[in-house]
Amino acid sequence: MLFQSIALGLIGIFCILDSRLLGRLNFERPLIVSTLVGLVLGDLEKGLMVGASLELMSLGLVNIGAAAPPDMNMASIIATAFAILSGSNAETALTIAIPISVLGQMLGILMRTVLSNLTHRADTLIAEGKFAGARRIHIVYGSVLYSLMYFIPIFLAIYFGTDLVKSIVDSIPAWLTNGLTLASKILPAYGFALLLQTMLTKKMIPFLLLGFLITAYSGLSITGVAAFACIVAFVMAQVNFGGSNGGNAAQSEPDPLDDL
């Protein structure tokens with residue numbers, strides 16, 4: 001358990017530094033980080049299942065400015081690990097992820113408060129010409145603090161909390177488990193609703209209804225509907241943009257007879 005706790009803590013460090021130091025490779029997305037957890041713990045299938053469910057929940061969560069959304073990265077690591085180590089299902093992992101994401105959100109707000117003070121210190125060092133000190137604050141100190149913010153909670157939760165969580169899950173009555181299962185199925189729809197709120201327009205409503213009707217009455221899987229939508233989008237792009245570009249190119253091309 002010690003090795004697994006350390007390995008998952010290191011995964012948390014790698015994922016949190018993805019968008020802060022390593023560029024943005026999307027390793028902090030729930031689907032990817034849960035897959036990594038499943039790979040480390042030897043249950044890749046459950047890691048993918050939990051990650052896909054958590055990804056649906058987090059689609060509508062956007063980090064805008066200084067706002068700190070619920071931390072689905074930390075929640076994905078701990079919830080997926082608990083689901084695999086305790087033998088629970090994906091629905092139970094979703095219920096565990098919700099309070100953990102709120103905890104990660106509070107830790108993120110605390111960390112941003114600390115880093116804002118360090119930023120003022122870096123400004124002072126830059127004004128004094130001490131560029132090496134300012135560089136250490138931005139690159140070294142910030143990375144170390146974010147790493148500790150992730151490694152410590154993940155390590156403690158995995159190393160000390162697995163048996164406790166399993167006993168709590170086993171003691172939950174059936175009526176409450178059924179209610180949590182229903183709630184976990186509603187949460188992905190809520191994530192989609194948050195996403196649609198930012199991108200849905202009057203022109204997109206017919207396509208939304210078309211996709212819903214095809215999914216409901218055609219018997220196709222989500223993958224089949226997605227492939228069908230990609231083909232429709234490609235054909236519409238060719239019709240709307242291909243013809244106009246071709247027409248403009250034909251009009252701009254000089255006529256050889258004009259030189260005669």
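Quick notes on this structure:
- Karplus (6.51, -1.76, 1.60) ³J(HN,Hα), θ = phi - 60°, over region 139-151, in Hz, Gly and Pro reported as x: 8, 8, 5, x, 5, 5, 5, 5, 5, 5, 4, 8, 5
- Rounded Å value of the spacing that divides the Cα centres of region 80-147 and region 1-65: 15
- From most to least packed by mean Cβ count within 10 Å, the peptides 24-33, 125-134 give 24-33, 125-134.
- Other-chain or far-sequence residues with amide H under 5 Å of Asp18's (modelled H): none
- Of the peptides 93-106, 205-218, 145-158, the ranking by mean beta-carbon count within 10 Å, highest at the top, reads 93-106, 145-158, 205-218.
- Descending by average beta-carbon neighbour count within 10 Å, the peptides 71-80, 6-15 line up as 71-80, 6-15, the highest first.
- Gyration tensor (alpha-carbon) shape descriptor, region 1-113, a/c threshold 1.5: prolate
- Phi angles of region 32-43 translate, via the Karplus equation with coefficients 6.51, -1.76, 1.60 and θ = phi - 60°, into HN-Hα couplings of 6, 5, 5, 5, 5, 5, x, 5, 5, 8, x, 9 Hz per residue; Gly and Pro are given as x.
Bear in mind these aren't lab numbers, they're just calculated from the coordinates by the rules spelled out. Since we're looking at a predicted model, the values are computed, not measured. Here the Cβ is made from the backbone with ideal geometry for all residues, glycine too, and neighbour counts use every protein chain on show.
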